[in-house]
1. Relative contact order for the chain using alpha-carbon pairs under 8 Å, separation at least 6, rounded to a whole percent?
2. Just reorder D97, D102 by solvent-accessible area, largest first, 1.4 Å probe, all chains present.
3. Leaving out ligands, DNA and RNA, what percent of the accessible area of the chain is carbon and sulfur, probe 1.4 Å?
4. Could you state the accessible area per residue of the chain in Å², with a 1.4 Å probe and every protein chain left in place?
5. Simple spin-label model, 7 Å along Cα-to-Cβ: A39 to E62 in nm?
6. Give me the distance in nm between label points sitting 7 Å out from Cα along the Cα-to-Cβ direction at L70 and I2, one decimal.
7. If each residue of separation counts as 0.36 nm, what is the full-extension length gain between H80 and N10 once their alpha-carbon separation is subtracted?
8. Restricting to DSSP loop positions (anything but H, G, I, E, B) with no more than 14 other Cβ atoms inside 10 Å of their own Cβ, which GluC sites (Glu not before Pro) remain in the stretch 20-105?
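The values are calculated or read from the model by the stated rules, or taken from the named source; none is laboratory data. Keep in mind it's a predicted model, so treat the numbers as computed, not measured. Neighbour counts are summed over all protein chains in view; Cβ atoms, including those assigned to glycine, are modelled from backbone coordinates with ideal geometry. To get the accessible areas, we keep the full protein, side chains included, count just its heavy atoms, and leave off ligands, DNA and RNA. Shrake-Rupley method; radii C 1.70, N 1.55, O 1.52, S 1.80 Å.
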Amino acid sequence: MITVKDVLQNKPQGAFIYKIMYNKEIPFYVGMSLRDIQARFKTHMAKYYGEKKYPDRERCQEVVTEHEDLRFKCTGRQTHGYRTIREIFRKHDIDFDFFNADVELVQLSSNPLNDYGTDLAVLTGTSMPFTNKFEIERMETDIIARTVPLANDESVHLAEKRLKKV
């Protein structure tokens, strides 16, 4: 099993659907990346650990964080799911080590895909109903519906209830 830290340090190449795990059964977050998964994980680090870049700007949702084990800053924009899960974790005094959380990667291509993923069918050698990123998004949505991750915007409203069962 690899961790968030491993993804940030080793920069896996290609297109992925990924699950950042809260524990062995419950995903914290499910996402996808057509290329540069490290950049996506930098954004996740900022959303989870980050502080507002411009606290004096009420509407600005930019967040930034640094970590002692990384040589770079992580930046992103705060989202409803991450803001809500951080509040729930604070409320229940949950100390989730996001940086060392396990990650499940499903590699869809060993090469980065273009922005629209139109090269997906050629790279995988399979016929897909859509030969672009929408097919990957459908796969991601199916995983979210089956696993109900804690911090995705679509399922964060169920997080507190799910955590009480743990």
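1. Once divided by the residue count of the chain, the mean separation gives 30 percent.
2. Details: D97 75, D102 50 Å².
Result, largest first: D97, D102.
3. Numbers: 4470 of 9500 Å².
Accessible surface attributable to carbon and sulfur in the chain totals 47 percent.
4. Roughly 57 Å² per residue, with all protein chains present.
5. Taking the simple label geometry, A39 and E62 are separated by 1.7 nm.
6. For L70 paired with I2, the spin-label model returns 1.5 nm.
7. Values: separation 70, 0.36 × 70 = 25.20 nm, distance 2.88 nm.
Length gained between H80 and N10: 22.3 nm.
8. Of the GluC sites (Glu not before Pro), the ones in loops of the stretch 20-105 whose Cβ has at most 14 other Cβ atoms within 10 Å are E25, E58, E66, E68.
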